[in-house]
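The values are calculated or read from the model by the stated rules, or taken from the named source; none is laboratory data. Everything quoted here is computed from the prediction, not taken from an experiment. Note: ideal-geometry Cβ built from the backbone for every residue, glycine included; neighbour counts use all protein chains shown. These accessible areas exclude ligands, DNA and RNA; they are computed on the full protein's heavy atoms, side chains included. Shrake-Rupley method; radii C 1.70, N 1.55, O 1.52, S 1.80 Å.
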Amino acid sequence: MAASLGGGGSSNELDINLTPLLDVVLQLIMFFMITVNFVRVDQFDDRVALPVAQSAVPLDATAEEWIFLNLNSEGKLVGNLDTLTLDTPEKLKAHLMREKESLENVARAKGKAGDIKIVVVLRADKNCRYSEVWQVVDSCQRAGFRRWQLRVMTKPA
Amino acid sequence: MRRKYTDSGVGGVQMGLIVTPMLDMAFQLMAFFIMTYHPSALEGHIDGNLLPPTLIATKGPKAADAPPDLPAIDEPPQFQDVLMVIVKSVAKGQTEGTRVDGEPSRVMLKRPEAPQPVTVSDTDTTLDEGLKKLTSELKKILKEPGATKANIKIEADGDLKHMYLMRVYDACKIAGYQNISFVAPPKNRPVGGN
């Protein structure tokens, strides 16, 4: 990073001072490291535009296990469920029951006893129909889930 | 970052700390964090409970042709005899006044003691005005003597877009109601319950 000017003779070296640049970059890295929020693919899907509800509360992490369901504007489940054919409430219910059982087994293997607190998080697109949202919620209920969350935006993006 | 150790001006050894690779690495790290950065501060949630299985299929007539796993739902007492906000929507591919497919066409309010719902807003007013009117009506009801129950059920048409349902939900919350439940859209409703 040193540029030498002139040829031969007495060498005049022009050094670019990189220290401030490096400082700024390291500070930026620190900022991103602190605020980083690694999300699973199913927790965040760009294809889903959430509706705005001002009365929504900030996110918390009180549950032990989570199941994320992303519903696009056409009422189809996307995200990590893209590859599955869950076109009927029965298929969705069966899938959710399997997921629930699997999460419970994992939690028990970790030594958790009693009722495992599993929350279904529904990220429904603002343009999907209420009947489509209801169908998913209804399937969750029939699959035996007791708690659910509807994800929304607290302010317009 | 560059140290020069000179020995009485003759010759001299330069021990430079090469910053370039470090800077490269720092830039790579920064690029990674920028790409994986997800500002989730704007995202919030609405918590909900689903009826436990013990409250399902305990009451209500069941149609003979109803699927065997489609139970009637017996509601817990706190959700009975509550105010009902009914939202009718413009059906798919149709328009009503200035409202188009998926927008609310009529918002109605049904008190537990009233036999019929009362229309609060329709397509004659804008949606914003209609929702403000709904909020003021709900506030009025809440202030009435003997209005102890602060529960609301929202019954929306299946064609209603999710964003409008959230706006109705907001209007109820702003009015001061705490327990707001969603009722199955008419076409999805199981026999004998909500």
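Per-structure values
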read-out	value
Some residue of the range A:108-123 being surrounded by 15 or more Cβ atoms within 10 Å (Cβ to Cβ) and over 27 Å from A:Ala49 (Cα atoms)	yes
Candidates B:Lys140, B:Lys153, filtered to the one that is crowded, with 16+ Cβ neighbours inside 10 Å and modelled with pLDDT of 85 or more	B:Lys153
Residue selected from the range A:20-76 under the condition in a strand (DSSP E or B) and modelled with pLDDT of 85 or more, by the criterion surrounded by the fewest Cβ atoms within 10 Å (Cβ to Cβ)	A:Val52
Any hit, the range A:121-135, residues being aliphatic (A, V, I, L, M), assigned by TED's automatic domain parsing to the domain that holds A:Glu64 and over 28 Å from B:Arg167 (Cα atoms)	no
Any hit, the range B:51-70, residues being within 22 Å of B:Met166 (Cα to Cα) and either small (Gly, Ala, Ser) or modelled with pLDDT of 55 or more (or both)	yes
Residue match in the range B:135-147 (condition: in contact (Cβ under 8 Å) with a residue 24 or more places away in the chain, within 12 Å of chain A (Cβ to nearest Cβ) and assigned to a helix (DSSP H, G or I))	yes
Flag if B:Leu17 is open to solvent by 30 Å² or more (accessible area, probe 1.4 Å), more than 9 Å from chain A (Cβ to nearest Cβ) and modelled with pLDDT of 75 or more	yes
Single unsatisfied condition, A:Asn80 versus (1) without any contact (Cβ under 8 Å) to a residue 12 or more places away in the chain; (2) more than 12 Å from every other protein chain (Cβ to nearest Cβ)	(1)
Qualifying residues in the range A:6-19 (those that are at pLDDT below 80 and polar (S, T, N, Q)) - the one farthest from A:Pro156 (Cα to Cα)	A:Ser10
Total residues in the range B:156-180, condition in contact with a Phe, Trp or Tyr (Cβ under 8 Å, 6 or more places away or on another chain), open to solvent by 20 Å² or more (accessible area, probe 1.4 Å) and either within 11 Å of another protein chain (Cβ to nearest Cβ) or modelled with pLDDT of 90 or more (or both)	4
